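Undergrad: Can you keep this structure in mind? I'll have questions shortly.
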Amino acid sequence: MSNPLLDRFAPAFVRQDRLFVETEDGRRLSYGDADRLAARLANALVGLGVAPGDRVAVQVDKSPEAIVLYLACVRAGAVYLPLNTAYTLAELEYFLSDAGPALVVCRPQAEAGVRTLAARTGVPACVTLGTTADGTLMDRAAQGAPVFPPVPRGADDLAAILYTSGTTGRSKGAMLSHDNLASNAATLAREWRFTDADVLLHALPIFHTHGLFVGTNVTLLAGGSMLFLSKFDADAVFRLMPRATTMMGVPTFYVRMVDDPRLTRAATAHMRLFVSGSAPLLADTHRAFREMTGHAILERYGMTETNMNTSNPYEGDRVAGTVGLPLPDVALRVVDPETGAALPQGEIGMIEVRGPNVFKGYWRMPEKTKAEFRDDGFFVTGDLGRIDDRGYVHIVGRGKDLVISGGFNVYPKEVEGEIDAIPGVVESAVIGVPHKDFGEGVTAVVVGAKTGAPTEAEVLAVLAGRLARFKLPKRVIFVPDLPRNTMGKVQKNVLRETFADLYVG
Ligand code: AMP
């Protein structure tokens, strides 16, 4: 037996001198360093009582050691369970109770609270990991041997559980197998032409699928290097781009870069690829970036449960406003959300996917898992979209964001597209809020430019000429910014709460 995920990464570790990760303050870990540290950490995990199949919950700040801890968990046959560092102790209680980990690793400064919580939720052990290779876990690792043969695992054994961001209802643990992660990393590395010459500018968090699996696994598979930033910082990005070849970002990174006078062809001359995902990239941002740099940002689409599903092509048209074509081993279809029947090409419906990338189900939620899969194995993504005549997939929004006004379906993206095209509009979010006559009232929340922003009446006048009556917003509300989570996703649930009483109160 083998360890399918680590087997895929093994070739990278042959060149032990090659740089694996470098931090902002110049700390460098080679592949050899990472290999030995992973072995020491795996020994420490076993010493702490972690057995194959056990979950290891990790809520720590971004560091090279945190990434190596992921590799150590997989090497020990355990299941890596990263948690958003923004979660409070009260929120952590749910995750620890639900996941039942054998060990929780937390930040040194959070130890007292997490230790108490661990005792209360029946987690047997708690250690710490800081950002400068410090913490009680590192102390234990220092005592362990730098050798640890990977624990044999099957392709369907779990390598990780990632909790969904849970903007509606309870957060669910997506169970990801060795093969889910390994197959998707191999596909992406091939599609995006990653090699050991690549240096990834990594400014994403590592508790989420984008920074953890897409960024790190693709790098490990190709034997490339990563430059770690604790968060997006334009000064650091512009300083490091001459040393990097690729960047993966959420759309907000690119919005900020386009607003920066330092973004030029010369500044990006060493880069070969910019990837965007986790939230929709505005077509305007795509176009502006291309004009300023000559680079067409490559947009792709995925989710915690499925890894990556589609990508614009490396060679060929990267079409602004689309998420590209289904990846080679991914089957993607658009169906009627109610009946599940396939829709004719071009129509909007529910996106469903099937492939080796799709997760094994929700942790301890068999009913929920069953409800999200069709009998033929397709996973219901919850995203609405359509496939155009060239096969490119367009995401229209989350199914739950669909507005039903007076019995008619209104797709927010369509209305947002029209509003965003009005001069003086930066961006918009269209939501449905309770309305006494219509069930839901279409409501536009708009960010206007600092100068020249239109008024509510002007926006409505433009839209009246372009959209059917039932799609027209009942109100246009101006705000300074749209609420976003750490991955740059607009939090429509927050907007719906804020404006819940608009038509009924
Ligand atoms: P998460 O599980 O946090 O990665 O969120 C996954 C969701 O993000 C998907 O179901 C989509 O709704 C959204 N998403 C990811 N990538 C894109 C993209 N390129 N364009 C639009 N939405 C996206």
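Undergrad: Mind telling me which of the residues Thr268, Thr285, Thr310, Thr339 ends up being among the β-branched types (Val, Ile, Thr) and touching a residue at least 40 places away in the same chain (Cβ under 8 Å)?
TA: On the way: Thr268 fails: touching a residue at least 40 places away in the same chain (Cβ under 8 Å); Thr285 fails: touching a residue at least 40 places away in the same chain (Cβ under 8 Å); Thr339 fails: touching a residue at least 40 places away in the same chain (Cβ under 8 Å).
So the residue among Thr268, Thr285, Thr310, Thr339 that is among the β-branched types (Val, Ile, Thr) and touching a residue at least 40 places away in the same chain (Cβ under 8 Å) is Thr310.
Undergrad: Give me the pairs: first residue in the stretch 289-304 and under 17 Å from Arg262 (Cα atoms), second residue within 16 Å of the ligand (Cβ to nearest atom) and of a type outside the set (D, E, K, R), beta-carbon distance under 7 Å, and six or more apart or on different chains, which are they?
TA: Sorted first by the residue in the stretch 289-304, then by its partner, the pairs are Phe289/Tyr254; Phe289/Ile297; Arg290/Ala296; His295/Phe274; His295/Phe289.
Undergrad: Hey, could you check the stretch 1-18 for residues that are more than 8 Å from Tyr31 (Cα to Cα) and outside any helix (DSSP H, G or I) and say which is modelled with the lowest pLDDT?
TA: My answer is Met1.
Undergrad: Identify, please: which residue in the stretch 3-14 is surrounded by 14 or more Cβ atoms within 10 Å (Cβ to Cβ) and of a type outside the set (A, V, I, L, M, F, W, C) and is, among those, nearest to Gly224 (Cα to Cα)?
TA: Arg8
Undergrad: Still on this structure: Right, Leu29: crowded, with 22+ Cβ neighbours inside 10 Å, touching a strand residue (DSSP E or B) at 6+ places or on another chain (Cβ under 8 Å), touching a residue at least 60 places away in the same chain (Cβ under 8 Å) and of a type in the set (A, V, I, L, M) or not?
TA: Working: crowded, with 22+ Cβ neighbours inside 10 Å: yes; touching a strand residue (DSSP E or B) at 6+ places or on another chain (Cβ under 8 Å): yes; touching a residue at least 60 places away in the same chain (Cβ under 8 Å): no; of a type in the set (A, V, I, L, M): yes.
Answer is no for this residue.
Undergrad: Restricting attention to the stretch 121-172, and to residues there that are away from the ligand (no atom under 16 Å from the Cβ) and among the polar types (S, T, N, Q), which single residue is farthest from Gln491 (Cα to Cα)? Talk me through it step by step, then tell me what you get.
TA: Quick first cut of the stretch 121-172, residues away from the ligand (no atom under 16 Å from the Cβ) only: 121-159.
Adding the requirement that they be among the polar types (S, T, N, Q) leaves 121, 128, 131-132, 136, 143.
Values: Thr121: 30, Thr128: 32, Thr131: 29, Thr132: 33, Thr136: 37, Gln143: 45 Å.
By that ranking, first place goes to Gln143.
Undergrad: So Ala186 fits all but one of (1) more than 14 Å from the ligand (Cβ to nearest atom); (2) in contact with a Pro (Cβ under 6 Å, 6 or more places away or on another chain); (3) closer than 28 Å to Arg28 by Cβ; what number is the exception?
TA: (2)
Undergrad: Given the options Ala72, Ala110, Ala99, name the one that is touching a residue at least 12 places away in the same chain (Cβ under 8 Å), closer than 16 Å to Val147 by Cα and among the aliphatic types (A, V, I, L, M). Reasoning before the result, please.
TA: Details: Ala110 fails: closer than 16 Å to Val147 by Cα; Ala99 fails: closer than 16 Å to Val147 by Cα.
Selected residue: Ala72, the only one of Ala72, Ala110, Ala99 that is touching a residue at least 12 places away in the same chain (Cβ under 8 Å), closer than 16 Å to Val147 by Cα and among the aliphatic types (A, V, I, L, M).
Undergrad: Still on this structure: When the stretch 360-384 is examined, which residues are found to be surrounded by 14 or more Cβ atoms within 10 Å (Cβ to Cβ), in contact with a Gly (Cβ under 7 Å, 6 or more places away or on another chain) and part of a loop (DSSP other than H, G, I, E, B)?
TA: If the condition is that a residue be surrounded by 14 or more Cβ atoms within 10 Å (Cβ to Cβ), in contact with a Gly (Cβ under 7 Å, 6 or more places away or on another chain) and part of a loop (DSSP other than H, G, I, E, B), then Trp363 is the only one that fits.
Undergrad: Take Phe213 and tell me if it is touching a residue at least 24 places away in the same chain (Cβ under 8 Å), within 16 Å of the ligand (Cβ to nearest atom) and part of a strand (DSSP E or B).
TA: Values: touching a residue at least 24 places away in the same chain (Cβ under 8 Å): yes; within 16 Å of the ligand (Cβ to nearest atom): yes; part of a strand (DSSP E or B): no.
Answer is no for this residue.
Undergrad: Can you name every residue in the stretch 139-194 that is in a loop (DSSP other than H, G, I, E, B), buried (at least 17 other Cβ atoms within 10 Å of the Cβ) and of a type in the set (D, E, K, R)?
TA: Asp157, Lys172
Undergrad: Continuing with the same structure: Among (1) modelled with pLDDT of 95 or more; (2) more than 16 Å from Thr246 (Cβ to Cβ); (3) under 18 Å from the mean Cα position of the chain (by Cα), where does Ile297 come up short?
TA: (2)
Undergrad: Restricting to the stretch 64-95, name every residue that is among the hydroxyl-bearing types (Ser, Thr, Tyr) and either modelled with pLDDT of 95 or more or under 19 Å from Arg120 (Cα atoms) (or both).
TA: First pass over the stretch 64-95, keeping only residues among the hydroxyl-bearing types (Ser, Thr, Tyr): 70, 80, 85, 87-88, 94.
Of everything in the stretch 64-95, those that are among the hydroxyl-bearing types (Ser, Thr, Tyr) and either modelled with pLDDT of 95 or more or under 19 Å from Arg120 (Cα atoms) (or both) turn out to be Tyr70, Tyr80, Tyr87, Thr88, Tyr94.
Undergrad: Under 7 Å between Cβ atoms, which residue pairs at least 6 apart in sequence (or on different chains) link something in the stretch 408-435 that is touching a residue at least 40 places away in the same chain (Cβ under 8 Å) and under 18 Å from Gly488 (Cα atoms) with a partner that is aromatic (Phe, Trp, Tyr) and in a helix (DSSP H, G or I)?
TA: From residues that are touching a residue at least 40 places away in the same chain (Cβ under 8 Å) and under 18 Å from Gly488 (Cα atoms), there are no pairs.
Undergrad: Looking for whichever is of a type in the set (A, V, I, L, M, F, W, C) and within 32 Å of the chain's Cα centre (by Cα) here; the options are Val459, Val447, Val504. Which one fits?
TA: On the way: Val459 fails: within 32 Å of the chain's Cα centre (by Cα); Val504 fails: within 32 Å of the chain's Cα centre (by Cα).
Sole residue among the options that is of a type in the set (A, V, I, L, M, F, W, C) and within 32 Å of the chain's Cα centre (by Cα): Val447.
The values are calculated or read from the model by the stated rules, or taken from the named source; none is laboratory data. None of the values given here were measured: they were computed from a predicted structure. For neighbour counting, all protein chains shown are included, and Cβ atoms are generated from backbone atoms with ideal geometry for every residue, glycine included.
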